[in-house]
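Just below is one structure, and these are the notes that go with it.
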Amino acid sequence: YTVAQYKMGSADLLGALKELNVADSAVTEQAKWGGSPGIIGSPQGVSSMLSPEQVAEVVGKYVKE
């Protein structure tokens with residue numbers, strides 16, 4: 001997965017990234033969700049175990065109104 005914000009400041013993607021690393025059972029010490037304040041992505045080299053709906057639910061918590 002890749003999650004990006006259209007306009008900087010519209011979401012706390014680094015906060016979402018931390019929660020996604022806890023929620024995703026595919027995460028290992030070598031393969032984690034990563035990125036920057038503007039764009040994050042699921043672990044490279046392994047498939048995320050989260051569904052699109054689960055990713056959207058987590059990220060949705062960090063979207064600013």
Residues of region 28-40 being open to solvent by 70 Å² or more (accessible area, probe 1.4 Å) and among the β-branched types (V, I, T), in sequence order, are I39
Selection from region 32-45 of residues at pLDDT 95 or above and either basic (K, R) or part of a loop (DSSP other than H, G, I, E, B) (or both) yields K32, W33, S36, P37, G38, S42, P43
Given (1) open to solvent by 80 Å² or more (accessible area, probe 1.4 Å); (2) modelled with pLDDT of 95 or more, index of the condition S10 fails: (1)
Would you be able to tell me the number of residues in region 46-65 that are modelled with pLDDT of 95 or more, under 14 Å from Y1 (Cα atoms) and not small (G, A, S)? 9
From S25, S48, residue being open to solvent by 60 Å² or more (accessible area, probe 1.4 Å), in a loop (DSSP other than H, G, I, E, B), small (G, A, S) and in contact (Cβ under 8 Å) with a residue 12 or more places away in the chain: S25
Take the residues of region 51-65 that are part of a helix (DSSP H, G or I) and touching a residue at least 12 places away in the same chain (Cβ under 8 Å): which is surrounded by the fewest Cβ atoms within 10 Å (Cβ to Cβ)? P52
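The values are calculated or read from the model by the stated rules, or taken from the named source; none is laboratory data. Bear in mind the structure is a predicted one, so any value in this text is a computation, not a measurement. Glycine gets a Cβ as well: all are built from the backbone with ideal geometry, and neighbour counts include every protein chain shown. Side chains included, ligands, DNA and RNA excluded: accessible areas come from the protein's heavy atoms. Shrake-Rupley method; radii C 1.70, N 1.55, O 1.52, S 1.80 Å.
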